[in-house]
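Engineer: Sharing a structure here in structure tokens format.
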Amino acid sequence: MTSFNRRQALATIGATAAIGLASPALAQNRKITVGALRFTSHSGSFVAYERGYFDEAGLDVELRFFEAAQPMAVAIASGDVDYAVTAISGGLVSLAQKGAIKVIGGALQEEAGIDGQKILVSDAAYQSGITSPGQLDGKTWAVTQAGSSFHYMGSKMAAAEGISLSFKPLQKVGAIIGALKSGQVDAWSIVPHIAKPLAGSGAVHIIGDVADYVKDYQVTTVFTSAENAAEEGDMTRGFLAGFSKGVADYNAAMIAKTGGEDGVNQMVDLIHKYVYTDRPREKAAPSIINGTMRLNEGAALNVASVADQLSWFQSEGLVDADITLDQLVDTSYVKTIGA
């Protein structure tokens, strides 16, 4: 994990912009830790951090980076991280059942008309004739862990196509990429800012879209500890307010392009501080732009999608059959979709 720490005094303009946020959070200048992955889809947190929106909400934020969803859920449950954005995993659901975690908002959702997550195959699989998802019967599909979002997406596709897959856990995204390039696994699904450059290298090929198999998929959610959701309402609303401002800026720049090319370039510069940091800006920019997907305005949550994911976890025996949606989700903080 990598950490960044930032303490910035609230200026008058910041206090003015924060009108409407909870005064206890502003008065305390609360120090919190926010978990993230180095994906373009986590840009809401990056923008809020860089542009002072968390500061305006009275929050002194440290960003902590992870390489998979499950460890982030454990960090929330243990109190090492206060808020995080990631996909729902079996581990997160189990922790919610134990009263440790609550999903409180949405971050990234598949949307018709906007490029989304891609289904990839290795070059070896492609050369053997696998050019569409329905041809993957009996092949290996990479996941980080059993019960991860990758497992969910692969399983939903397989069910729709009437095929069987062998799921191979490789723990980290980097390990999956290496295995796919070398042909150790046959297929995987991932966001476009990773999928498109891999496909451009020739070692991997895009053969489908997740959106064709999972309608309006709530890919990532905002979550926190059950204690924060229940007892730290001011702090939680402050976090969501700052995060939502970051999301709005990202969508305006990258989807609506209200700032034109200058706005896009400014946003790419900001995101490059966190994503593809090992590449020079000119090489990172195309991948960041390729990864543009609309983030949920106001952290709105597609409850119908979350319910479908929970049902899938239960049908696969990955979580207890008696856990309820109310144990997993607190819908009091944001607008809900499909509830």
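Engineer: Ignoring ligands and nucleic acids, what accessible area does PHE243 show with a 1.4 Å probe (Å², nearest 10)?
Structural biologist: 10
Engineer: Treating only the Cβ of Lys, Arg, Asp and Glu as charged (+1, +1, -1, -1), what charge dipole size does the chain show about its Cα centre? Round to the nearest 20 debye.
Structural biologist: 680
Engineer: Let me cross-check THR258: its accessible surface, 1.4 Å probe, with only protein heavy atoms counted, in Å² to the nearest 10?
Structural biologist: Rounded to the nearest 10, that gives 110 Å².
Engineer: Under 8 Å for C-alpha pairs, at least 6 residues apart: give me the relative contact order for the chain, rounded to a whole percent.
Structural biologist: 26
Engineer: Something else: List, in the order given, every pair from LYS31/LYS273; LYS139/LYS196; LYS156/LYS283; LYS118/LYS245; LYS181/LYS283; LYS196/LYS245 whose Cα-Cα distance in the structure shown is over 25 Å.
Structural biologist: Where the Cα-Cα span goes over 25 Å, the pairs concerned are LYS156/LYS283; LYS118/LYS245; LYS196/LYS245.
Engineer: Starting from the Cα of GLU316, step 7 Å toward the Cβ, then list every residue of region 115-132 with an amide N under 19 Å from that point.
Structural biologist: 117-121
Engineer: So, one more: Per 0.36 nm of contour for each residue apart, how much would the distance between GLU261 and ARG38 grow if the chain were fully extended, relative to their Cα-Cα spacing?
Structural biologist: Gain in length upon complete extension: 77.9 nm.
Engineer: Follow-up question, since we're still on this one. Nearest-5 percent of antiparallel DSSP beta bridges in the chain?
Structural biologist: In the chain, DSSP labels about 55 percent of beta bridges as antiparallel.
Engineer: Which of these, ASP209, ASP322, ASP55, has the largest mean-square fluctuation under a Gaussian network model of the chain (Cα springs below 10 Å)?
Structural biologist: ASP322
Engineer: Here is a follow-up. Where in region 67-100 does the label zone of ALA230 land, with the point 7 angstrom along Cα→C-beta and an amide N cut-off under 16 Å?
Structural biologist: 77-79, 95-100
Engineer: Can you compute the helix-only [θ] at 222 nm over the chain? Use -39500 (n - 2.57) per DSSP H run of at least 4 residues, normalise by all residues, nearest 500 deg cm²/dmol.
Structural biologist: Result for the chain: -12000 deg cm²/dmol, rounded to the nearest 500.
Engineer: Separate question: If you take the square roots of the eigenvalues of the alpha-carbon gyration tensor of region 148-209 and sort them as a ≥ b ≥ c, do you get rounded (a/c under 1.5), prolate (a/b over b/c) or oblate?
Structural biologist: It comes out prolate by the Cα gyration axes.
Engineer: Along the Cα→Cβ direction, 7 angstrom out, place labels at LYS31 and ALA307. What is the inter-label distance in nm?
Structural biologist: 4.3
Engineer: Put +1 on the Cβ of every Lys and Arg and -1 on every Asp and Glu Cβ in region 121-275; which of ILE177, SER189, ILE255 then has its Cα farthest towards the positive end of the dipole?
Structural biologist: Ranked along the dipole, the leading option is ILE177.
Engineer: At 1.4 Å probe size, with no ligands or nucleic acids counted, give the accessible surface of ARG64 in Å², nearest ten.
Structural biologist: 50
Engineer: Same structure, new question: What is the gain in length, in nm to one decimal, between THR277 and THR131 on full extension, counting 0.36 nm per residue of separation less the C-alpha to C-alpha distance?
Structural biologist: Length gained, THR277 through THR131: 49.3 nm.
Engineer: Put +1 on the Cβ of each Lys and Arg and -1 on the Cβ of each Asp and Glu in region 122-273; which of THR224, MET235, ILE271 then has its Cα farthest toward the positive end of the dipole?
Structural biologist: Towards the positive end, the residue furthest out is ILE271.
The values are calculated or read from the model by the stated rules, or taken from the named source; none is laboratory data. Every value quoted in this text rests on a predicted model; they were computed, and no experiment measured them. Cβ sites come from the backbone with ideal geometry, for glycine too, and all protein chains shown count toward neighbours. Ligands, DNA and RNA are excluded from the accessible area calculation, which covers all protein heavy atoms including side chains. Shrake-Rupley method; radii C 1.70, N 1.55, O 1.52, S 1.80 Å.
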